[in-house]
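Student: Please find one structure pasted underneath; my questions will follow.
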Amino acid sequence: MNEMEKLALPIIKDALKNDSLILFVGAGVSVNSGLPSWSSLVDLFRTELKLEDLHDNLRVAQYYYNTFGKNQYLKKIEGVFRKTYLPNELHHLIKQISPKHIITTNYDTLLEDEFNDGFLKYNVISSDNDIPYSTSEHYLVKMHGDFTKKNIVLKEDDYCNYEKNFPM
C-alpha cells in the first residue's frame, strides 16, 4: 500500500461509517460488461470517417455529428447502447459499498439496474429537470447525461455548452 492509500483509507472508512461517501464512477466500470470506453466509442466514428490520425476525441465526435447530422450520430451510438448488457462485478461491489451518492460520466443504466433489485434506491439525476423531483436521500448523478434521454455529453459542442445545457 502506498502512502496516499494509507492516508486515504481512514478517510474513506469514516465516510462510509457516517454515510457521507460520494463515489465517482467513470466509463471504465462498465467496460467489463461489454460496453466501450469513451475512446472506443469515439473510435467507431473515427473509423467510419477514416480519421485514424486525428486523436482529439471531442473533435472526432463533433466532426461525425457535423458530417452526418444528429439522427445518424444518435443512431450510431444507439447501435452500441441498445444491446443488452448486464452489471458486472464492479457494479456489485459498488452496491455492497452503498455510497451516499454516486456521480458518474456513464450514459448506460447498469448502475441503476444493479440497484433496482435491492433495498437501497438512488434517485437518478441525468438532467436539470430531474432535480425538483428528487426525493431520495441517495442520488445517482449522471453528469454526462443518459442515453435513454439522448442528452449525452460526448462531442466538442456538448462540452462547450455544458454550463448552458446543465446549469444546475
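Student: About its Cα centre, how strong a charge dipole does the chain have in debye, to the nearest 20, once Lys and Arg get +1 and Asp and Glu get -1 at the Cβ?
Tutor: Approximately 300 debye in magnitude.
Student: Provide the net charge surrounding D56, with neighbours chosen by a C-beta distance below 12 Å and charges set as Lys +1, Arg +1, Asp -1, Glu -1.
Tutor: On the way: positive: R46, R59, K155; negative: D53, E156.
Net charge around D56: +1.
Student: Can you list the residues, at least 5 places off or on another chain, whose amide H is less than 5 Å from the amide H of V141, using H built in the peptide plane?
Tutor: Sorted by chain and number, the residues that satisfy this are I102, I103, T104, I125.
Student: On to the next question. Just to confirm a number: summing +1 for Lys and Arg and -1 for Asp and Glu over residues other than V29 whose beta-carbon lies under 11 angstrom from that of V29, what do you get?
Tutor: Details: positive: none; negative: E89, D108, E114.
With Lys, Arg at +1 and Asp, Glu at -1, the neighbours total -3.
Student: In Å³ and rounded to a whole number, note down the convex hull volume per residue for the Cα atoms of region 77-132.
Tutor: Output value, Cα hull per residue: 106 Å³.
Student: What three numbers, in Å, describe the spread of the alpha carbons of region 25-115 along their principal axes, ordered from the longest?
Tutor: Principal-axis extents of the Cα atoms in region 25-115, largest first: 43, 23, 20 Å.
Student: Also, quick follow-up: Given just the C-alpha atoms of region 90-165, how large is their convex hull per residue in cubic angstrom?
Tutor: Hull volume normalised by residue count: 95 Å³.
Student: Quick one: length gained pulling D113 to T47 fully straight, 0.36 nm per residue minus the C-alpha distance?
Tutor: 20.6 nm
Student: Okay, next question. Considering only protein heavy atoms, what per residue accessible area in square angstrom results for the chain with a 1.4 angstrom probe? Don't skip to the answer; put the middle values down first.
Tutor: Numbers: 10130 Å² over 168 residues.
For the chain, the solvent-accessible area averages 60 Å² per residue.
Student: So, one more: With a 1.4 Å probe and all protein chains left in place, how much of the accessible area of the chain comes from carbon and sulfur atoms, in whole percent?
Tutor: Percent of accessible area from carbon and sulfur atoms in the chain: 56.
Student: Rg and Dmax of the chain, using alpha carbons, in Å: what are they?
Tutor: That works out to 17.5, 51 Å for Rg and Dmax.
Student: Along the charge dipole of the chain, which of A8, L154, L23 sits closest to the positive end, that is, farthest toward it, with unit charges on the beta carbon of Lys, Arg, Asp and Glu (+1, +1, -1, -1)?
Tutor: Going by the charge dipole, the pick is L154.
Student: Which lysines have a Cα less than 24 Å from the Cα of K75, not counting those fewer than 8 places away in the same chain?
Tutor: Result set, ordered by chain and number: K50, K83, K142, K149, K150, K155.
Student: I'd like the FRET efficiency for K149 and T84, computed as 1/(1 + (r/R0)^6) with the beta carbon distance as r and R0 of 22 Å, rounded to 0.05.
Tutor: That pair, K149 with T84, gives E of 0.70.
Student: So, how do all the Cα-to-Cα distances of region 2-50 break down into 5 Å bins, in percent, from 0 on up?
Tutor: 5, 17, 13, 12, 14, 12, 11, 6, 6, 3, 0
The values are calculated or read from the model by the stated rules, or taken from the named source; none is laboratory data. Every value quoted in this text rests on a predicted model; they were computed, and no experiment measured them. Cβ atoms come from the backbone with ideal geometry, glycine included; neighbour counts cover every protein chain shown. We work out accessible area using only protein heavy atoms, side chains counted, and drop any ligands, DNA or RNA first. Shrake-Rupley method; radii C 1.70, N 1.55, O 1.52, S 1.80 Å.
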